[in-house]
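Here is the structure we will look at.
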Amino acid sequence: MKVKKFLVSRMHCASCAQTIASTLEKTKGIKFVSVDFATSSGTVSFDESIINENKIVSIVKELGYGIEFFQEKDYFHKQQEEQKKEISELKLLLLISLFFTTPVFLISMPFKWFNISFPFDLEIVILCSSIVQFFVGFRFYKNAFGALKNKTATMDTLIVLGTSAAYFYSLYLVFFLNEKEMLYFETSAVLITFVLLGNFLVALSNAKASNAIQKLLLLQPSTTTLLKNGKEIQVPINQIKVGDIVLVKPGQKIPVDGIVLKGYSAVDESMISGESLAVEKTKGDKVFGGTLNQSGYLHIKATKIGEDMLLSQIVKLVIDAQQRKPPIQKLADKISSIFVPAVLIFAIISSAFWFFAGKDIPFILDIFVSILIIACPCALGLATPIAILVGTSKAAKEGILIKDPAALESVGKINTVIFDKTGTLTEGKPSVVDIISLSKYSKNEILFYAAVAEKGSEHPISKAILEEAKKFNLIIPYPDKSKIIVGKGIVANYKKNKIFFGNKKLYSLYKINVSKFETQINNLENEGKTAILLALNKKIIGLITVVDNLKPNSLLVIDKLKKMGKQTILLTGDNFRVAQAIGRHLKIDKIISEVLPTTKAQEIIKLQKEGKIVAMVGDGINDSPALAQANVSIVMASGSDIALETGQIILLKNDPIHVLAALELNQIIFKKIKQNFFWAFIYNIFGLFLAAGIFYPSFGLLLNPMFAGLAMAFSSVSVVLNTFSLNYYKPKSIN
């Protein structure tokens, strides 16, 4: 299967996106289609042996829309082009429509009220309304006929039927009944103008919402200073290669992801982490493209460029999220797909009712046109995509990436939050505390053999051991051979010695008796230290303890979650006593220790069988099975080591306080979606009843078709405005 992304032009509401998607889904060879009105983009998965891109393009064009496939790197450039083109086209059509609708409205309404007449006024009305109906309204006719050819109906179908009924009935009255008073030319012209006005305002709003992510890409400078052979050379950013050294001066943006080789500065990383305070950078520190160098000079070695940079990955992640649909959107799509035919039937039934009730044709025409126009499901289809577009952009500014919008629906149901320990609640950077000799070997010798065993390993404890060896200026060779026993330790061969370095499980596996050291080990572990035994040729010679300090906000996060009524659980591979010591300090509700990465998911399954709705918070490295099993998965990540492929929600700032912010923001976004749905449903139901004349017998209320058009146009705008309030929301947990 081939997966391609595309941009769509000339969509003017969410039902257009639904029409394109449903039509393509019926096409042989296409496996999956998603089209998003808010971003004017879509994704299609298809079998190249059955259908190709050209055929897909022709199907969409037959529906009356433009389509263009694009490369990932060209997305924002193409999107901006399409948005500008669409806004420009709508603006021109709206101005033309206003120009020709104004005389139609004035002659048909105010002039008639005040008995003002002049030669050829009827001819002017017919000419101007015809221009609006067929020139300005051509896009509606084109899309409606395209939908008809594909045996479907859209919002354009309703607009075309409603305005055409008013226009052609007026022509009939003029040319066949010589009627010059009760005409509806102004109704059709004003309706088209109002629909265009709504489309124009929504297009502007979508462009504004998309700009939030587009601005992220603009953070990357177009040129930079390359250091080559001792010279400073100004070059375009696309000429920089991995391994090149660039000079970044105060006030300049960092062009690449890299490592500081020389210099000292404070760097504003708020665009990545949401953290407003600048971060100090010196030799050996990582820096990221798009961040702002504030104070000093930095020599940076490029490690990632272009699409591989963290900034590009963040943008890609947000784009993918914006094009995905949460389960609630499926309901909206289903309703929208049957809504238009249902409205047509309702309009016919209502008109028939009033006909048999003895009402005249003008009254019935008002009923028919008003129902068709006011019931367009634009707001309903826009409710979810615009909220996801604005919400994911807002979350990204706060350093929270919502990768999977499906998490939005689950967050509010969470009653249990599970934390991994290392790198999540703790710093993930253990440090050596004690080196204890249990034999004739000195502390330096014990540290030497432990470091040899751990040489080459990427485990946090390995790094702590090797860092400690460096402090004592020990030169550590690689072992001749080594074997990692997951969750237990490491066994290595060095020269003629066999080194064992690990916990009691390792020694049990190799039948090495450690019983006489248990009391000492237990006492150390009760202090929250991790004790690791060292054996040489199956004889215990020493023990090293390490401590991984808690992050500053860990205690606060657990406390707040408990006050919110959520159960907190520590799920760790660390031994029982160390886990208990940390758990007691944090006042966590439940501690599950000595769990292997492969069995963490099983613990989550047990909780889910008990009826728990589980959020798993991990570091995204060895927690993948558990994260996949959880109802909501949250990945704590830092810098370029971010595990973008893991987790539904990714926290760019490596601070557990952002777990609270993530939960809060997800709930707020989903609340906006529900608000949008509520108002869209209420609007459509009330509007249909009002347009059908249900309130006419009792209250004399009858909806004028022109007001129906105005109400329909601004229903979508109201949904957009409600959603845009997300931009001003500040998570209470981090502010």
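Note on the chain: dipole from Cβ charges, positive end direction compared against Tyr696, Val547, Asn522; the farthest Cα belongs to Asn522.
How high is the relative contact order of region 87-150, in percent, counting Cα pairs under 8 Å that sit 6 or more residues apart? Walk me through the numbers before you get to the answer.
Working: 24 pairs, mean separation 25.9, N = 64.
Relative contact order comes out at 40 percent.
Given a 1.4 Å probe, how much area per residue of the chain is accessible, in Å²?
Working: 32730 Å² over 735 residues.
Result: 45 Å² per residue.
Normalising the Debye intensity of region 18-150 to I(0), with uniform scatterers on Cα atoms only, and taking log10 at q = 0.09, 0.17 Å⁻¹ returns -0.43, -0.96. A straight Cα-to-Cα reach below 15 Å connects Lys28 with the aspartates and glutamates Asp47, Glu48, Glu53, residues fewer than 8 places away in its own chain not being considered. Per-atom-type breakdown for region 242-400 gives carbon and sulfur 63% of the accessible area (1.4 Å probe, protein chains only).
Label sites at Leu106 and Phe175, each approximated as a point 7 angstrom past Cα along Cα to Cβ, lie 2.7 nm apart. In straight-distance terms, cross-link reach from Lys228 covers every one of the aspartates and glutamates whose alpha-carbon lies under 18 Å from its own, apart from those fewer than eight places away in the same chain; here that gives Asp244.
Among Met155, Met564, Met109, the sequence by solvent-accessible area, most first, with a 1.4 Å probe is Met564, Met109, Met155. Per residue, the convex hull spanned by the Cα atoms of region 373-417 measures out at 94 cubic angstrom. Looking at region 108-194, the trypsin sites (Lys or Arg not before Pro) that sit in a DSSP loop and have at most 14 other Cβ atoms within 10 Å of their own Cβ are Lys151, Lys180.
For Lys563 and Phe168 in the same chain, what is the full-extension length gain: residue separation times 0.36 nm, less their Cα-Cα distance, in nm? Walk me through the intermediate numbers first.
Numbers: separation 395, 0.36 × 395 = 142.20 nm, distance 6.56 nm.
Once the chain is fully extended between Lys563 and Phe168, it gains 135.6 nm.
In a DSSP loop and with at most 15 other Cβ atoms within 10 Å, the trypsin sites (Lys or Arg not before Pro) in region 281-357 are Lys283.
With a 1.4 Å probe and all protein chains kept in place, how do Tyr65, Tyr297 rank by accessible area, largest first?
Numbers: Tyr65 5, Tyr297 130 Å².
My answer, sorted largest first, is Tyr297, Tyr65.
Computed over the chain, the per-residue total of -39500 (n - 2.57) for DSSP H runs of n ≥ 4 gives a 222 nm mean residue ellipticity of -16000 deg cm²/dmol, rounded to 500. Given their separation in residues at 0.36 nm each and the Cα-Cα distance between them, Lys241 and Glu527 gain 98.1 nm when the chain is fully extended.
Cross-link partners of Lys609 among lysines, defined as those whose alpha carbon lies under 16 angstrom from its own and excluding same-chain residues fewer than eight positions apart: Lys413, Lys600.
Treating only the Cβ atoms of Lys and Arg (+1) and Asp and Glu (-1) as charged, compute the dipole magnitude of the chain about its Cα centre; round to the nearest 20 debye.
That gives a dipole near 2800 debye.
Among the trypsin sites (Lys or Arg not before Pro) in region 1-75, which ones are in a DSSP loop with at most 11 other Cβ atoms within 10 Å of the Cβ? Mind listing them? Present the calculation step by step, with values, prior to reporting the outcome.
Values: sites: Lys2, Lys4, Lys5, Arg10, Lys26, Lys28, Lys31, Lys55, Lys61, Lys73; in loops: Arg10, Lys26, Lys28.
Filter output for region 1-75: Lys28.
Distant-in-sequence amide contacts of Leu534, defined by a placed amide H-H separation under 5 Å and a gap of 5 or more residues or a different chain, comprise Ile541, Gly542, Leu543, Ile544. The radius of gyration of the Cα set in the chain, together with its Dmax, comes out at 33.2, 119 angstrom. Of the residues Pro656, Leu534, Ser442, the one whose Cα sits farthest toward the positive end of the charge dipole of the chain, with +1 on the Cβ of Lys and Arg and -1 on the Cβ of Asp and Glu, is Ser442. With a 1.4 Å probe rolled over the protein heavy atoms of all chains, the accessible area of Glu186, Glu467 falls in the order Glu467, Glu186, largest first. Surface calculation, 1.4 Å probe, protein heavy atoms: Trp679 sits at approximately 150 Å² accessible. Element breakdown for region 501-569 at a 1.4 angstrom probe: carbon and sulfur atoms account for 50% of the accessible area.
The values are calculated or read from the model by the stated rules, or taken from the named source; none is laboratory data. Predicted model, so just to flag it, every value in this text is computed and none were measured. FYI the Cβ positions are ideal-geometry reconstructions off the backbone, even for glycines, and counts take in every protein chain you see. All accessible areas refer to the heavy atoms of the entire protein, side chains included, with ligands and DNA or RNA removed. Shrake-Rupley method; radii C 1.70, N 1.55, O 1.52, S 1.80 Å.
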